[in-house]
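The values are calculated or read from the model by the stated rules, or taken from the named source; none is laboratory data. Bear in mind that the values here come from a model prediction, so they are computed numbers and not experimental data. Don't worry about glycine lacking a Cβ; one is built from the backbone with ideal geometry, like all the others, and counts go over all protein chains shown.
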Number of protein chains: 2
Amino acid sequence: MESGRLTKGCVTLPAESGKEDIVLELAKRCGADVIRDSDGTVLSQEILDFGFDIYSTLCIVRADQDWPGNHPTHLPQQYLMSHREVSGGGELKIEILREFYDEKYRINEDDDPKQWWEVIDRTKGEVVASDSWEYADGWVVIDDTEHFHEYTVNFLVYQTWDSVSMYNHLINDWQCEKTVSLNPFLPEVYQHLMGYFQQWLEKHPSTTVVRFTTFAFMFMLINDSESKQKICDWMGYCEAVSPAAILEFERIRGYRLRSEDFVDMGRFNPTSCPPSQRYLDWIDFIHGFVVRFAKDLVSLCHQAGKKAAMFWGDHWIGLEPYSPLFQQIGMDIHIGACNDGTGLRRISDAPGAQIKEIRLYPYFFPDTFKEGGNPTEESMQGWIKIRRALIRKPIDRIGWGGYLSLAYKFPDFIDHMEYLSNQFREILERTQKKESYKAPIKVAVLDCWGKRRAWLSHFGVDIKFMAGHDDTTVCSWTDTLECLAGLPVNVDFMSFQDIIDTPDYLDGIDVIINDGQAGSSWSGGDNWKKPQLLAEVRKFVYGGGGFIGVCEPSACEYQGRFFQLADILGVQKETGKSLNVTEATGCKIKNHFITEDLRAPLNTGLKKSYVFAAEKNTQILDYNDSHIHLAVNEKGQGRSVFLSGLPFSFDNSRLLQRAIFWVCGQENNLKRWFASHPDTDVAYYRDAGCYLAANNSAESVKTIIFDDEGRESQISLEAYELKWKGI
Amino acid sequence: MESGRLTKGCVTLPAESGKEDIVLELAKRCGADVIRDSDGTVLSQEILDFGFDIYSTLCIVRADQDWPGNHPTHLPQQYLMSHREVSGGGELKIEILREFYDEKYRINEDDDPKQWWEVIDRTKGEVVASDSWEYADGWVVIDDTEHFHEYTVNFLVYQTWDSVSMYNHLINDWQCEKTVSLNPFLPEVYQHLMGYFQQWLEKHPSTTVVRFTTFAFMFMLINDSESKQKICDWMGYCEAVSPAAILEFERIRGYRLRSEDFVDMGRFNPTSCPPSQRYLDWIDFIHGFVVRFAKDLVSLCHQAGKKAAMFWGDHWIGLEPYSPLFQQIGMDIHIGACNDGTGLRRISDAPGAQIKEIRLYPYFFPDTFKEGGNPTEESMQGWIKIRRALIRKPIDRIGWGGYLSLAYKFPDFIDHMEYLSNQFREILERTQKKESYKAPIKVAVLDCWGKRRAWLSHFGVDIKFMAGHDDTTVCSWTDTLECLAGLPVNVDFMSFQDIIDTPDYLDGIDVIINDGQAGSSWSGGDNWKKPQLLAEVRKFVYGGGGFIGVCEPSACEYQGRFFQLADILGVQKETGKSLNVTEATGCKIKNHFITEDLRAPLNTGLKKSYVFAAEKNTQILDYNDSHIHLAVNEKGQGRSVFLSGLPFSFDNSRLLQRAIFWVCGQENNLKRWFASHPDTDVAYYRDAGCYLAANNSAESVKTIIFDDEGRESQISLEAYELKWKGI
């Protein structure tokens, strides 16, 4: 730490009652200015009196556990789909809750099943007429079924155990009372919660910031009969359902959503699949409600002289921080858990004047902080990714959560916390919290979600098969986005609909990236059948734009093609439809601008891409047998790059950087504020009159820095070192 | 060779003029009874006078090269699709033949383009009105096109150079005259060819058998502007097209086929994709014509006192040897090229009383018979596969083709020919040409083609990416079928339509195999959306039947599922649609009847299957990380087996054998006429009162033979040895 630098501020520490000494010592070492409680911890009066700002955690929908006992219909609801029952012909009985956790769900018998449920012949794909079945005592009996057809029932349930409480009981062995949530969409609940919160504010005079985790609805998490996770989507809107909400939606939108709109053949509209317009309408509707609910709560905070913080946590559904409506809430502080550059940019790029804070990993919990654990190593791996992105676009604060006393048992981790806190403050201070220099290149990531899901990773099928990973909510398993998060270019997100709806939407964009597996919301699925989209993207490229396709870009089976932009990309993927068509040979190229900095053979994460040249002029830069992994092409004034995948590494980030500069014809601008060694970065801060050289690796390196005008200077950096230079 | 065995017969040798000594010597050593000519070779009078039966090769449609010069419209025709031209808006010009070999094609300007061609906006997927474009001098000009849409033209061409002649000139450096074919569908051509053939018969008095190669139409083979293969399908019917045939089809079937029915978005109805009903109608129509044409030719043969043989060669289109109509032709001898067990069974299982002959590989051509070549090794590899199948279901003759003088330069190969000839004759003689014992199990392979394409391999996308393989016509790259070809079970082929059209079609079948990649004609594609198919297959399994799914069985995206029979198979494949759904854990099983003979870890040809358990009772026998490669399940009285792939090997054949016995509940019957060592086979011939033990490996082995009643006896076998025992 240089002398004269800030030694305090911008850091949030968790605290716990009975550990006052530790709290004080660590707060001093880390320069913390805020103390928070966590799920399961309480702050003592002594801590509250230390003079720190105090964040108090509150999940309003599960704060009052007295109310739900007297109001059993006020619980959150959702649709479930029964298991598929094979018919033996004639009458068929289905025990609808059989494959679900009975401690978590109670069938909603209050709202007429004939009106709200659907029985479906899944073999035919047809709804069974409602006069052909009856419900009683947990069973649906269907009159006259077809032999060896499969039938399912979509039905409504109440949630009788909150998912988070359940998780902590079953996984973390909590012994406290089980909690339930409430459904704030019901006016009676809404009013009650406002009153409850008013009282809560009065009871928490030391609290300076209410840290909401978060507001109204839990993400999708369905548990099977053995309580295990069955279906999970951290961005799913299917637990915001209730007949009241559906009726209100109908009143506003003019049409009634069906149970099948939520159940979606048992898949519940996964974020990884292209959303239907009906589902998008539902998201917008719930978003509108949550903004109103959150705004009312934040107003109460402000009236009480406190600030409001939101944690992008389990109940974040409806918030949509990238939506313009979000700003109406009046939120003061915007907090997100963060373990990499993608997570950092998700917070730092979010619009609005909120204070931005990240909650670092690992959480101080016994899973990591146990004998033999190495939390310092785990944290450092994440921090280097975060720092790469942070020096491109800053945030305001960092923090930790959990049991401080657990972390205290690892002295090297405490040293590491101090190191991170000081390094973070130094970056903020030296850069004056400004973005670093960006090349005059605007990159737009194109997918179904656009800005709604900016900086949410484009995960693929491998996520399901990662050994030891039974939690498919992980959204920080990044590739292209993680590479992109630390590059000195401007990044935006756009949806297919943006291009279709808005004339000349692509004006001002230099590079389009389309990255994802075929049929995913990221690659785009059937959107690529839309003539207007194809024409606009071709116009963009022919006019000089750059198109980077990763994995299965523009992929959908249509008119004899799989990659609809095969003409632009110069490559095509074989899916078995054109085995009789001989591939073009293409031109194999050894040396190219894009691959100049690769230190080892390109690793796109797979050996077989099944991608072949679609044109004889396609330039093939990397291949394995006949499988193409990297190819470039030119069309009109524009260019394209195809990559069969792009796992995160410093080499691959550099490759992407070079691909971006090449594809929009700005090769000559690459070496302005450029660090030669792929493990290093340089970030230039014009207003602050300085630049920063960063070593992202655990080895000491020498790197050449190219300045504004391409002048070179060599610099040596120790492991992970940052070096600052005034200009 | 034991004394007393036949030393002559059942063998066909090629001969060539000027090599009479070699012919006589080799005929004696191999015991040949038939001499044939080959493409490019002539038989001298001396050879004709030796007293052998003489096969004379004739491809009738390219026999007379005088006629086509005077009848330019009598050439074969076909549809081509122009390249895709991107519009810059307004008028668009397309040079339709630009990407095709101009020495091979001439645009058909005789039949009105407005009636026979189609211009298609491939971005919209819509046909452009015929009054919006004009054709002249090789160009189509479209009036008013949409900016950045792609357009194509489907147009008719004449073939001005026969594909086989072209291949021999360009690849084998033939210097003789280029030849063209004729279109026998035209009545004038038909009459001319009959007259020509009558004269030919008169000019060939020594010929005892006319060996047709084959009759009317060439398989699909389109060449690009550099003469390279562009599109190829050995089973494709798109070169049988002409306006006359389309009009006759319309007269009979009641509807007109469009150019797009053939062009099929540029893919030309590949055999690997599910055929449309219109394309199947076309196949039937052409089949009907070719049967009439062949029957007339064969009648002339018979009237001339000669026999007729057909070689399943380049012009085989329309013959369909598995169709009942085929028998009307009156063919005497049925010959097929053969390099493996699948090829053997394709001939030996074909219905009818024809003499069955295989043409062995390698063909005596300079590609293999060159310095450094090892034709004996290549032949032995094929022979062992052929022999495995042959001892299950015999044929009548073997033979070779090409330049005998080339083979003569490899003395070890001549020894090998003698060895094969003697071994083949011994098998025929000892077994009295009877099938060997089969377990009382009937296996039916289920795909789109059924019996039409019995014993044609189920190849997948990898075929396109095999290094050095630029010929995608290869149809002997087998997996499951090659394993199946040598197993002691009854095998049949059936189509999805068979099951749907015929009540109780599955009665009498014990095991269904569905093997292929999703969307292929082998896996079945959208057929799996048909409720009747699903109900019948479920009924079959619940009633005690066995279902073996390999690769991507029953796969199509429908009603929330990818494997439509996931309930039967107990597994599901992740394609990205259900990333949010947690897989069932299934039960991992170490020891199982099916895997008992595996000597090394199971190799299904891939590491990642993306297949997971769909039910908790699914038994997982092999997996890699979380990717399942072998799983079994039970439903009702029946069972299922899933395999992620099945490349051919002796271990995998044994695995399939065990899977078949297990899946239909006949585990107790496995060890009846069973050889314990996976590299060995036993075949029992009840009528001949003997059995045969065969060693398929290059190592000497000991194996235990289980007889009719399961009694064991040990036997030692040298490399590749056959041992016979009387009973």
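Look through B:Ile395, B:Ile427 and report the one residue that is more than 25 Å from the chain's Cα centre (by Cα) and more than 26 Å from B:Gly40 (Cα to Cα).
B:Ile427
Does B:Lys114 satisfy being more than 21 Å from B:Ser259 (Cβ to Cβ) and of a type in the set (Lys, Arg)?
no
When you scan region A:627-647, how many residues do you find that are surrounded by 23 or more Cβ atoms within 10 Å (Cβ to Cβ) and not in a strand (DSSP E or B)?
Adding up the residues that qualify gives 2.
Could you run through region B:213-235 and say how many residues are touching a Ser or Thr at 6+ places or on another chain (Cβ under 8 Å) and within 24 Å of B:Asp296 (Cα to Cα)?
Residues flagged as touching a Ser or Thr at 6+ places or on another chain (Cβ under 8 Å) and within 24 Å of B:Asp296 (Cα to Cα) within region B:213-235 amount to 4.
State all residues of region B:554-564 that are surrounded by fewer than 24 Cβ atoms within 10 Å (Cβ to Cβ) and more than 27 Å from the chain's Cα centre (by Cα); if no residue qualifies, say none.
B:Glu557, B:Tyr558, B:Gln559, B:Gly560, B:Phe562
Of all residues in region B:196-236, which are within 18 Å of B:Leu182 (Cβ to Cβ) and in a loop (DSSP other than H, G, I, E, B)?
B:Thr213, B:Thr214, B:Phe215, B:Ala216, B:Met218, B:Phe219
Could you list, in sequence order, all residues of region B:167-195 that are buried (at least 17 other Cβ atoms within 10 Å of the Cβ) and more than 25 Å from B:Ile283 (Cβ to Cβ)?
B:Asn168, B:His169, B:Thr179, B:His192, listed by residue number.
For residues that are within 14 Å of another protein chain (Cβ to nearest Cβ) and aliphatic (A, V, I, L, M), scanning just region B:69-91, find the one that is farthest from A:Gly636 (Cα to Cα).
B:Leu80
For the list (1) outside any strand (DSSP E or B); (2) more than 14 Å from every other protein chain (Cβ to nearest Cβ); (3) within 29 Å of the chain's Cα centre (by Cα), I need the number of the one condition that A:Gly665 fails.
The number of the failed condition is (3).
Kindly provide the set of residues from region B:506-543 that are more than 14 Å from chain A (Cβ to nearest Cβ) and either modelled with pLDDT under 95 or surrounded by fewer than 17 Cβ atoms within 10 Å (Cβ to Cβ) (or both), ordered by number.
If the condition is that a residue be more than 14 Å from chain A (Cβ to nearest Cβ) and either modelled with pLDDT under 95 or surrounded by fewer than 17 Cβ atoms within 10 Å (Cβ to Cβ) (or both), then B:Asp507, B:Gly508 are the ones that fit.
Taking the condition buried (at least 16 other Cβ atoms within 10 Å of the Cβ), in contact (Cβ under 8 Å) with a residue 24 or more places away in the chain and under 17 Å from A:Gly138 (Cβ atoms), does A:His83 pass?
yes
Only one of B:Lys385, B:Lys356 is in a helix (DSSP H, G or I), out of contact with any Phe, Trp or Tyr (no Cβ under 6 Å at 6 or more places or on another chain), touching a residue at least 24 places away in the same chain (Cβ under 8 Å) and buried (at least 20 other Cβ atoms within 10 Å of the Cβ). Can you tell me which?
Checking each option against the conditions leaves just B:Lys385.
If we scan region B:624-631, do we find a residue that is within 14 Å of chain A (Cβ to nearest Cβ) and of a type in the set (Asp, Glu)?
Within region B:624-631, one or more residues are within 14 Å of chain A (Cβ to nearest Cβ) and of a type in the set (Asp, Glu).
Out of region B:572-603, which residues are within 14 Å of chain A (Cβ to nearest Cβ) and either of a type in the set (Val, Ile, Thr) or in contact (Cβ under 8 Å) with a residue 60 or more places away in the chain (or both)?
B:Thr575, B:Val581, B:Thr582, B:Thr585
Please enumerate the residues belonging to region A:271-284 that are free of Cβ contacts under 8 Å to residues at least 40 places away in the same chain and part of a loop (DSSP other than H, G, I, E, B).
A:Ser276
Please determine whether any residue of region B:399-412 is crowded, with 22+ Cβ neighbours inside 10 Å and acidic (Asp, Glu).
Within region B:399-412, not a single residue is crowded, with 22+ Cβ neighbours inside 10 Å and acidic (Asp, Glu).
Can you tell me which residue in region B:48-74 is surrounded by the fewest Cβ atoms within 10 Å (Cβ to Cβ), limited to those that are touching a Ser or Thr at 6+ places or on another chain (Cβ under 7 Å) and assigned to a helix (DSSP H, G or I)?
Ranking the candidates gives B:Leu48 first.
Checking the structure you have, find out if any residue of region A:428-443 is among the aromatic types (Phe, Trp, Tyr), buried (at least 18 other Cβ atoms within 10 Å of the Cβ) and at pLDDT 95 or above.
No, region A:428-443 contains no residue that is among the aromatic types (Phe, Trp, Tyr), buried (at least 18 other Cβ atoms within 10 Å of the Cβ) and at pLDDT 95 or above.
Looking only at region B:335-349, how many residues end up being buried (at least 24 other Cβ atoms within 10 Å of the Cβ) and assigned to a strand (DSSP E or B)?
Count: 2.
Can you confirm whether B:Cys301 is under 24 Å from B:Gly336 (Cβ atoms), at pLDDT below 95 and crowded, with 16+ Cβ neighbours inside 10 Å?
no
Which ones in region A:410-466 are within 14 Å of chain B (Cβ to nearest Cβ) and either assigned to a loop (DSSP other than H, G, I, E, B) or touching a strand residue (DSSP E or B) at 6+ places or on another chain (Cβ under 6 Å) (or both)?
Within region A:410-466, A:Cys448, A:Leu456, A:Ser457, A:His458, A:Phe459, A:Gly460, A:Phe465, A:Met466 meet the criteria.
How many of the residues in region A:334-349 are under 12 Å from A:Ala485 (Cβ atoms), without any contact (Cβ under 8 Å) to a residue 60 or more places away in the chain and small (Gly, Ala, Ser)?
1
Does B:Asp173 satisfy the condition of being within 22 Å of B:Phe100 (Cβ to Cβ) and either out of contact with any Phe, Trp or Tyr (no Cβ under 7 Å at 6 or more places or on another chain) or charged (D, E, K, R) (or both)?
no
Filter region B:202-231 down to the residues that are touching a Lys or Arg at 6+ places or on another chain (Cβ under 9 Å), more than 14 Å from every other protein chain (Cβ to nearest Cβ) and surrounded by 20 or more Cβ atoms within 10 Å (Cβ to Cβ) and list them by number.
B:Thr207, B:Val209, B:Val210, B:Arg211
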